[in-house]
Amino acid sequence: MNSLALLGTIFLAASSLSIPLDGETRASCTLKGSSISDLSSVKKSCSSITIQDLTVPAGQTLDLTGLKSGTTVTFKGTIKFGTKQWAGPLISVSGSQITVNGASGNKIDGGGASYWDGKGGNGGKTKPKFFKAGKLNHSVIKNINIYNSPVHVFSINNCQNLTVQSVLIDDSKGDSGGGHNTDGFDISDSSQITIKNSKIYNQDDCLAINSGTDIHFENNYCKGGHGISIGSVGGRSNNVVKKVTVKNCEVVNSDNGIRVKTIYGTTGTVSDITFQDITLTNINKCGISVRGDYTNSGSKGTATDGVPIKNLTVKNVQGTIKSGGTRVMILVKGASGWKWSGVSLSGGKAASGCSGIPSGSGAKC
Ligand SMILES: *[C@@H]1O[C@H](CO)[C@@H](O)[C@H](O)[C@H]1NC(C)=O
Ligand SMILES: *[C@@H]1O[C@H](CO)[C@@H](O)[C@H](O)[C@H]1NC(C)=O
Ligand SMILES: *[C@@H]1O[C@H](CO)[C@@H](O)[C@H](O)[C@H]1NC(C)=O
């Protein structure tokens, strides 16, 4: 028992800030200290929830699921989480017409250093995922600052019409500290998703889309990880990725720049994809990689056409590849409708073994 526990109090301020909703009056509430046991009553009675200087007990989710429509959640001060080996998530949000906001200077710290062992989600300590946005519809997440994620950061699953903007993910301490699989945004089974004006410092995909339609990733900065990825697609319950734009983004000091990868021997479709106005700096392995030969244990070397990549536009992608890296690698089957222009990468080397490039598309290795 520590003295902080005594501060685990809800402050109800049901005064002038209250707003009438569906005939009932719902209050502004603040949750602080080191207990979240009051959360379910707060969710029922408060339309504005401030989470301030809270330490979430080890092994518990800050459970903001089932929020009433119209609720605003504001993170303020420093939010921490007790350390425990478990799968998480540390935070989970669902509902409709929800605003998740961060007050100036907010810091949501996952305590990654206690978990990082260089193995990420593939072994070693069991690590909690950070932020689950599941069935979060017609909502906005903005201005929050996430630090030191144990493993994957945002899982956006089954969401419709969600905008994430001006968010910071800073796992840069994991670069030398054993951070691994710290994906910025993983998207599946979702539509009308926009992620913009955000910065991601991590050690795995900045963005990975496994399935979904109408997804926009704009004005974002990705540093230290594996770049921006569609896929891997195939072999799951939903294997369709359609209508994705990645625009005005910068990828720096990363293994890859931009990628589309589909899984060998599976079925699905990837269509209507645009990468435009992208700057790549100091890319280690591959600047632009489009492959249909992915397996969990690496690249097969021959592509299958069960997940054809259709209507892939790549326009104005410029930058630098490190020596030893590859500028452009394309190994696909059944691709069509591509339009490539303005690809200008320097450094690195040309790929060998490219195949399946649609003729007349302007794409080349
Ligand atoms: C959000 O949308 C998903 C997918 O359309 C749906 O399954 C879910 O019930 C919706 N959730 C809410 C809270 O409206
Ligand atoms: C998307 O959600 C926003 C609230 O974030 C809402 O204002 C807008 O009407 C929604 N758009 C659609 C097409 O549902
Ligand atoms: C590809 O683009 C063509 C021409 O714009 C369009 O007619 C077709 O429907 C698109 N196909 C897909 C799968 O997006």
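Charging the Cβ of each Asp and Glu at -1 and of each Lys and Arg at +1, and nothing else, the dipole of the chain about its Cα centre rounds to 500 debye.
With both residues required to sit in the chain, DSSP beta bridges show an antiparallel share near 5%.
A simple rule links phi to the HN-Hα coupling: the Karplus curve 6.51 cos²θ - 1.76 cosθ + 1.60 with θ = phi - 60°, which for the stretch 253-264 gives 6, 10, 5, 10, x, 10, 9, 10, 9, 10, 8, 3 Hz, with x for Gly and Pro. The value of relative contact order for the chain, using C-alpha pairs under 8 Å at least six residues apart, is 8 percent. For the chain, the carbon plus sulfur part of the accessible surface works out to 45%, probe radius 1.4 Å. When the chain is treated as a Gaussian network with alpha carbon springs shorter than 10 Å, the biggest mean-square fluctuation among ASN256, ASN161, ASN148 belongs to ASN161. A straight Cα-to-Cα reach below 18 Å connects LYS68 with the lysines LYS43, LYS44, LYS132, LYS135, residues fewer than 8 places away in its own chain not being considered. Between VAL241, PRO358, SER48, the Cα set farthest toward the positive side of the dipole of the chain (charges on each charged residue's Cβ, about the Cα centre) is that of PRO358.
Taking the chain, the Cys residues with no second Cys beta-carbon under 4.7 angstrom are CYS159, CYS249, CYS286. Name the shape class, rounded, prolate or oblate, that the alpha-carbon gyration tensor gives for the stretch 1-203, where a ≥ b ≥ c are the square roots of its eigenvalues, rounded holds for a/c under 1.5, and otherwise prolate holds if a/b is larger than b/c and oblate otherwise. Oblate, because a/c is 1.5 or more while a/b does not exceed b/c. Near GLY212, the amide H atoms lying under 5 Å from its own belong to ASP189, SER190, VAL240, VAL241, LYS242; only residues 5 or more places off or on other chains count, and H is placed 1.01 Å from N.
Simple point charges give the picture: +1 on the Cβ of Lys and Arg, -1 on the Cβ of Asp and Glu, and for the stretch 269-365 a dipole about the Cα centre of about 220 debye. Helical content of the chain, expressed as a calculated mean residue ellipticity at 222 nm, amounts to -500 deg cm²/dmol (DSSP H runs of 4 or more residues, -39,500 (n - 2.57) each, divided by residue number, nearest 500).
Loop-located trypsin sites (Lys or Arg not before Pro) in the stretch 106-204 (DSSP state not H, G, I, E or B) with no more than 11 neighbouring Cβ atoms inside 10 Å do not occur.
Karplus-based coupling profile of the stretch 316-327, in residue order and whole Hz: 6, 10, 10, x, 10, 10, 5, 5, x, x, 10, 6, with θ = phi - 60° in 6.51 cos²θ - 1.76 cosθ + 1.60 and x standing for Gly or Pro.
How many Å² of accessible area per residue for the chain, probe 1.4 Å?
Computed with neighbouring chains in place, this is 40 Å² per residue.
Using alpha carbon coordinates only, what is the Rg to Rh ratio of the chain, with Rh defined as the Kirkwood radius?
Radius of gyration relative to Kirkwood radius: 1.02.
Using a cut-off of 21 Å between Cα atoms, the listed pairs LYS119/LYS242; LYS142/LYS196; LYS196/LYS322; LYS142/LYS199; LYS76/LYS142 include LYS119/LYS242; LYS196/LYS322 as exceeding that distance.
The values are calculated or read from the model by the stated rules, or taken from the named source; none is laboratory data. Since we're looking at a predicted model, the values are computed, not measured. No Cβ is skipped: glycine too gets one built from the backbone with ideal geometry, and neighbour counts run over all protein chains shown. To get the accessible areas, we keep the full protein, side chains included, count just its heavy atoms, and leave off ligands, DNA and RNA. Shrake-Rupley method; radii C 1.70, N 1.55, O 1.52, S 1.80 Å.
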